[in-house]
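Heads up, the thing below is written out as structure tokens.
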Ligand code: SAM
């Protein structure tokens with residue numbers, strides 16, 4: 001390990017979750033975290049500042065999105081409400097074959113992301129300063145992505161209304177949630193019907209290091225229009 005921030009245990013914890021990182025990818029993730037911490041002193045990006053907590057609750061948690069099994073080679077992924085870039089930036093680093101569109105409503109976070117993506121030389125990432133529902137309206141609900149990810153953004157019924165119109169037919173929304181999703185699933189029934197989508201899978205995961213349970217709700221858009 002070289003200096004701070006070390007993100008100690010990153011590779012081992014990821015391996016535990018079935019995610020293999022190459023040394024170059026770990027180095028990029030560490031550089032990204034250093035940028036988040038540096039900017040966090042000026043712009044409110046994350047309440048997590050402890051390295052160990054960041055490894056588990058930002059990086060490993062973000063990469064569990066791969067466990068949903070719906071981000072295929074060459075896919076275009078929109079990360080809605082990406083904030084400081086989670087899960088979108090770790091995803092783009094771990095999967096250079098995938099193109100990631102970071103969608104964020106808040107200008108100061110977008111500015112940070114543009115700087116970080118440029119400094120890290122991430123050619124597979126674009127940053128968009130727009131609300132997800134505006135993007136959906138502008139593109140007439142025709143679908144701009146094969147997959148949409150969203151972590152800690154809104155209740156499922158809202159995510160369905162905002163994100164399903166961003167999906168191509170047969171594409172998937174991966175809503176990254178805490179351990180208890182039964183109430184959210186119940187509340188989303190009407191929104192799912194209206195959007196022409198259905199729950200394709202519910203994956204329950206336990207983060208390593210006792211960091212808690214998570215649920216990946218996988219929603220499939222059945223048809224466009
Ligand atoms: N996904 C990140 C994470 O897990 O660390 C950020 C979570 S933060 C609690 C929620 C972010 O979603 C904020 O940065 C907010 O500006 C953004 N957001 C909320 N509603 C949005 C919308 N409709 N479209 C785009 N971004 C949105």
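The values are calculated or read from the model by the stated rules, or taken from the named source; none is laboratory data. All of these numbers come straight from a predicted model, not from anything done at the bench. Backbone-built Cβ (ideal geometry, glycine too); neighbour counts: all protein chains shown.
When residues of the range 145-158 are filtered for being away from the ligand (no atom under 14 Å from the Cβ) and either within 15 Å of residue 180 (Cα to Cα) or assigned to a loop (DSSP other than H, G, I, E, B) (or both), how many remain?
Matching residues across the range 145-158 total 0.
Of these, 29, 66, 91, which one is buried (at least 18 other Cβ atoms within 10 Å of the Cβ), farther than 24 Å from residue 115 by Cβ and modelled with pLDDT of 95 or more? Give the steps one after another, and end with the answer.
Details: 29 fails: farther than 24 Å from residue 115 by Cβ; 91 fails: farther than 24 Å from residue 115 by Cβ.
None of the others qualify; the one that does is 66.
Examine the range 108-122 for a residue that is in contact (Cβ under 8 Å) with a residue 24 or more places away in the chain, more than 13 Å from the ligand (Cβ to nearest atom) and outside any helix (DSSP H, G or I), and state whether such a residue exists.
Yes, because at least one residue in the range 108-122 is in contact (Cβ under 8 Å) with a residue 24 or more places away in the chain, more than 13 Å from the ligand (Cβ to nearest atom) and outside any helix (DSSP H, G or I).
Quick check on residue 170: is it touching a strand residue (DSSP E or B) at 6+ places or on another chain (Cβ under 8 Å) and part of a loop (DSSP other than H, G, I, E, B)? Please lay out each step first, then the result.
Details: touching a strand residue (DSSP E or B) at 6+ places or on another chain (Cβ under 8 Å): yes; part of a loop (DSSP other than H, G, I, E, B): no.
Criteria not met by residue 170.
Being out of contact with any strand residue (DSSP E or B) (no Cβ under 8 Å at 6 or more places or on another chain), assigned to a loop (DSSP other than H, G, I, E, B) and exposed (fewer than 15 other Cβ atoms within 10 Å of the Cβ) is the filter here, so list the residues in the range 204-225 that pass it.
Residue satisfying the conditions is 225 alone.
Only one of (1) part of a helix (DSSP H, G or I); (2) more than 9 Å from the ligand (Cβ to nearest atom); (3) more than 25 Å from residue 97 (Cβ to Cβ) fails for residue 164. Which number is that?
Residue 164 satisfies every listed condition except (3).
Looking only at the range 82-107, how many residues end up being assigned to a loop (DSSP other than H, G, I, E, B), on the phi < 0 side of the Ramachandran plot, within 16 Å of the ligand (Cβ to nearest atom) and touching a strand residue (DSSP E or B) at 6+ places or on another chain (Cβ under 7 Å)?
Total satisfying the criteria: 3.
As an exercise: evaluate residue 42 against (1) in contact with a helix residue (DSSP H, G or I) (Cβ under 7 Å, 6 or more places away or on another chain); (2) in a loop (DSSP other than H, G, I, E, B) and give the number of the one condition it does not meet.
If we test residue 42 against (1) in contact with a helix residue (DSSP H, G or I) (Cβ under 7 Å, 6 or more places away or on another chain); (2) in a loop (DSSP other than H, G, I, E, B), just (1) comes out false.
Which of the following residues is surrounded by fewer than 22 Cβ atoms within 10 Å (Cβ to Cβ), more than 18 Å from residue 215 (Cβ to Cβ) and at pLDDT 95 or above: 152, 191, 201, 161?
Matching residue, one of 152, 191, 201, 161: 161.
What is the residue count in the range 71-88 for residues that are farther than 16 Å from residue 130 by Cα and crowded, with 24+ Cβ neighbours inside 10 Å? Reasoning before the result, please.
Step one: filter the range 71-88 for residues farther than 16 Å from residue 130 by Cα, giving 71-76, 86-87.
Keeping just the survivors that are crowded, with 24+ Cβ neighbours inside 10 Å gives 86-87.
Counting residues in the range 71-88 that are farther than 16 Å from residue 130 by Cα and crowded, with 24+ Cβ neighbours inside 10 Å gives 2.
Does the range 70-81 contain at least one residue that is at pLDDT 95 or above, within 13 Å of the ligand (Cβ to nearest atom) and not in a strand (DSSP E or B)?
yes
Look through 172, 129 and report the one residue that is surrounded by 14 or more Cβ atoms within 10 Å (Cβ to Cβ) and away from the ligand (no atom under 16 Å from the Cβ).
172
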